[in-house]
1. In whole angstrom, and with the biggest value first, how far do the Cα coordinates of the chain range along each principal axis?
2. Can you give the angle from 0 to 90° between the axis of helix 157-176 and the longest principal axis of the chain, with both taken from C-alpha atoms, to the nearest 10?
3. So for the range 9-84, what percent of the C-alpha to C-alpha distances run longer than 20 Å?
4. So what's the Cα pair-distance distribution over the range 208-379, bin width 10 Å, in %?
5. Pop out the Kirkwood hydrodynamic radius of the range 48-164 from its pairwise C-alpha distances, inverse of mean 1/r, in Å to one decimal.
6. Using the Cα gyration tensor of the range 231-272, with a ≥ b ≥ c the square roots of its eigenvalues, what is the shape: rounded (a/c below 1.5), prolate (a/b larger than b/c) or oblate (neither)?
7. For the range 97-189, with equal point scatterers placed on the C-alpha atoms only and solvent neglected, what are the log10 I(q)/I(0) values from the Debye formula at q = 0.11, 0.13, 0.17 1/Å, to two decimals?
8. 7 Å from Cα along Cα→Cβ at both residue 204 and residue 37: what's the point-to-point distance in nm?
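Every number here is computed from the coordinates shown, using simple stated rules; none is lab data. Only a predicted model underlies this, so the values are computations on that prediction, with no experimental measurement involved. When we count neighbours, we look across all protein chains shown, and the Cβ atoms used for this are built from the backbone with ideal geometry, even at glycine.
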């Protein structure tokens with residue numbers, strides 16, 4: 001891609017070659033730095049080159065697309081004016097919560113396998129902490145954080161925990177950067193928010209014998225079809241919520257679903273055998289679905305959220321989480337004397353130690369038999385309607 005004389009919005013959006021791209025004469029030193037991250041994505045960062053006391057200095061202006069080309073140019077003009085007035089632009093500017101969150105994400109996103117994680121962090125904070133997200137970090141108190149968390153802390157505990165964690169990470173960055181002295185979303189919240197029920201760090205699960213009745217309760221609810229079908233698929237495949245919610249039609253070949261490496265915990269592709277019951281759920285999805293790439297889209301055609309699945313379980317009074325269905329399956333495997341390595345591979349776990357060193361096969365055929373038995377156990381002779 002050729003370098004333009006001056007940057008354009010189209011070029012900034014589409015450039016995919018690492019390098020530094022200047023805004024040309026009259027750009028007040030503005031440039032866009034494009035870098036490849038460890039997870040294969042691109043990072044695009046604005047900066048401005050100025051000469052302070054005869055020495056070049058780079059002033060950071062934020063990340064694209066959070067900061068647009070027009071906004072970066074406006075910042076350059078503002079900085080040049082401040083420079084002409086004798087102000088030292090290198091003095092740290094007090095960031096907002098949103099800016100602190102962006103900085104916290106920058107330090108972590110290179111280690112995240114899922115490229116949507118950064119978007120999920122920003123979305124949850126901007127949607128559920130709107131009252132503080134544009135405030136300066138030094139203007140946010142513990143009481144402000146409590147006010148943000150209270151509406152979701154007990155009604156949506158999973159969202160509440162994630163929201164607190166993400167806000168805390170933003171404020172931790174601000175503490176480390178010497179903008180504030182304490183983290184208002186950290187230890188100061190201890191004893192203020194009600195404690196969530198604890199199960200020793202494990203997800204709530206049901207005995208395997210109770211799962212068929214729980215699925216019947218899910219099926220009889222008035223929830224959106226894809227939410228119910230996704231929980232059925234979770235039960236039938238013993239996979240993880242993120243794997244099922246991100247399930248795409250092009251990942252399915254006959255009776256095998258291949259989960260790509262970026263959605264598995266082992267960071268390796270995982271083949272999942274689909275039982276007769278699981279294939280019936282897919283047939284239902286083909287009938288009820290739209291043109292979405294996702295097998296179980298929400299009403300807008302995008303990926304179903306983890307909260308939608310958890311909420312359905314809570315609303316129906318079920319003492320389980322969607323993830324807990326994996327524990328139910330594992331207990332059933334033990335009761336049926338399923339070989340350990342087959343059960344562990346069915347859960348997508350890596351077999352470690354000496355056993356793992358010699359185990360090269362993914363035991364697809366053995367797992368196919370196990371999942372067929374599990375499907376028959378859940379539904380008997382009746383496949384999902």
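1. Principal extents (Cα only, largest first): 80, 53, 46 Å.
2. 30 degrees
3. 29 percent
4. For the range 208-379, the pair-distance distribution reads 10, 40, 37, 11, 1.
5. Working: mean 1/r = 0.0603 Å⁻¹.
Radius from the Kirkwood sum: 16.6 Å.
6. The shape class here is oblate.
7. Per q value, in the given order, log10 I(q)/I(0) is -0.27, -0.39, -0.67.
8. Spacing of the two 7 Å Cα→Cβ label points: 3.4 nm.
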